[in-house]
Amino acid sequence: MVFGRFVNWIRNFFRTRRDIHLGIYGCTNVGKTTLANLIAKDWTGDEIGTASPIPHETRFVQKKEKVVIESNGKKLSINVLDMPGLATKVDYRKFLKFGVKRKDAKERAKEATQGVVEAIKWLNNVDTVLAVMDSTKDPLTQVNITLLGNLEARKIPVILVANKIDLKNSKPDDIKEAFPQYPVVNVSALKKMNIDQLYDAIIRHARKAK
Amino acid sequence: MKLKMDFVSSASLNGKPEKNKINFILSKVRSGSILVLDGVMKPEEEMNLIKETMRRVDDGFPGIEVCSLKKEMKGLKLLFDRVSDSKERFWNWMIKGPPKTELKSGLTLIGPAKIIKKIKKNPNSFSVSAEV
């Protein structure tokens, strides 16, 4: 065990640096895929996945490699990873309310649970995280707290993204108040508001991971 | 329907491998109990609890609701806490087998998502709505 860790340390010390893995994490329906699509489309012209009001639309990790973003004359090559929404529960009955058939709902729930497990496993491989939160909802959820605690323990740079600021009941200041120790960028991924500020923050904070 | 609550002392979980702790918690919660611990798991353990919960989700068990309140530490207490963490990490690194950890000071409530409908958390308190 000790020898294995030593070998890993040597390997990490000498490895050449790859592109930054930017993980987009958060609860379900906070706008992760909308944001991932916006970033990918802005810099490559292609989208990553399909956003939907039905929870757990993203059930597999979706990736866009070699996305070169630019802000204030600085460039950064990133691999954008759109993660399935984190959750402590997945109830297939919830999908029935959206008109999904029972059999499909059960399959969707099964895939969703596997997606959560995959997203958690990826925490070992991401370099920087965008923790997306819905600014119209209470940010003090256990999923958010656990996610941020894990990132802190792993020393992974994190930017909080207060999404959906275009909505009337948006309260991005609640996110700043709940997690004052983290940088927060207020955006609307849907309406493309404040996205340049987000690119600037990604370049500034992701470089710390290099 | 009856509502069962189990109050568990951190002493009964401290020093146990993480896998055993998670198995203990999930077996209680799957059987319908709401578990109250006088301690807080580490973020990594809590994430692994979520991961293991997802593996056990089925038609009758949609998952868990969990909420914890960690005791804020400042000054010397924080320093001792960090030293204790480093000591624990060092021993877990040295010994073979699954890591053994202790719960932090605080309070955790874990219950079946079927019963717990909402948890409203504030920085120093939380309220739970359950439906039996």
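The values are calculated or read from the model by the stated rules, or taken from the named source; none is laboratory data. Since we're looking at a predicted model, the values are computed, not measured. Heads up, the Cβs are rebuilt from the backbone with ideal geometry, glycines too, and the neighbour counts pull from every protein chain shown. When the accessible area is computed, the model is the full protein with side chains, heavy atoms only, and any ligands, DNA or RNA have been set aside. Shrake-Rupley method; radii C 1.70, N 1.55, O 1.52, S 1.80 Å.
Computed over chain B, relative contact order equals 36 percent, with contacts defined as Cα pairs under 8 Å that lie 6+ residues apart. Here the 3J(HN,Hα) profile of the stretch A:54-63, calculated from phi with Karplus coefficients 6.51, -1.76 and 1.60 at θ = phi - 60°, is 6, x, 6, 5, 8, 10, 9, 5, 10, 10 Hz, Gly and Pro shown as x. Solvent-accessible surface of chain A, averaged per residue with a 1.4 angstrom probe and all protein chains in place: 50 square angstrom.
DSSP loop (so not H, G, I, E, B), at most 16 other Cβ within 10 Å: list which GluC sites (Glu not before Pro) in the stretch B:1-86 pass both filters. Sparse-neighbourhood loop GluC sites (Glu not before Pro): B:72. Of interest is the spacing of the C-alpha centroids, which for the stretch A:58-76 and the stretch B:18-33 amounts to 39 Å. Once backbone amide H atoms are built at 1.01 Å from N, residue A:158 has A:129 as its partners under 5 Å, excluding neighbours fewer than 5 places away on the same chain.
Using a 1.4 Å probe on the protein chains only, how many percent of the accessible area of the protein assembly as shown belongs to carbon and sulfur? After summing per-atom areas, the C and S share lands at 52 percent. Look at the alpha carbon pairs under 8 Å that are at least 6 residues apart: their mean separation over the length of chain A gives a relative contact order of 22 percent. Of all lysines in the structure, the ones whose alpha carbon falls short of 28 Å from that of residue A:75, not counting any fewer than 8 places away in one chain, are A:32, A:41, A:63, A:64, A:66, A:155, A:164, A:176, A:191, A:192, A:208, A:210. Interface area, chains A and B: about 2500 Å² of buried accessible surface, summed, with a 1.4 Å probe and ligands, DNA and RNA left out.
Classify the protein assembly as shown as rounded, prolate or oblate, taking a ≥ b ≥ c as the square roots of the eigenvalues of its Cα gyration tensor: rounded when a/c is under 1.5, otherwise prolate if a/b is larger than b/c and oblate if not. It comes out oblate by the Cα gyration axes. Residues of the stretch A:108-122 that become at least 10 Å² less accessible with every protein chain present than in their own chain isolated, using 1.4 Å: which are they? SASA drop of 10 Å² or more in the stretch A:108-122: A:113, A:116, A:117, A:120, A:121.
Local charge for residue B:39 was computed over the other residues whose Cβ lies under 9 Å away, with Lys and Arg +1 and Asp and Glu -1, and equals -1.
Full extension of the chain segment joining residue A:46 with residue A:125 gains 26.1 nm, where the gain is 0.36 nm per residue of separation less the Cα-Cα distance.
Most simply put, the protein assembly as shown has about 55% antiparallel DSSP beta bridges, counting only bridges with both residues inside it.
The amide H of residue A:27, built 1.01 Å from its N in the peptide plane, has A:86 as neighbours under 5 Å, considering only residues 5 or more places off or on other chains.
Inter-label distance, residue A:138 to residue B:58: 3.2 nm, where each label sits 7 Å from its Cα along the C-beta direction.
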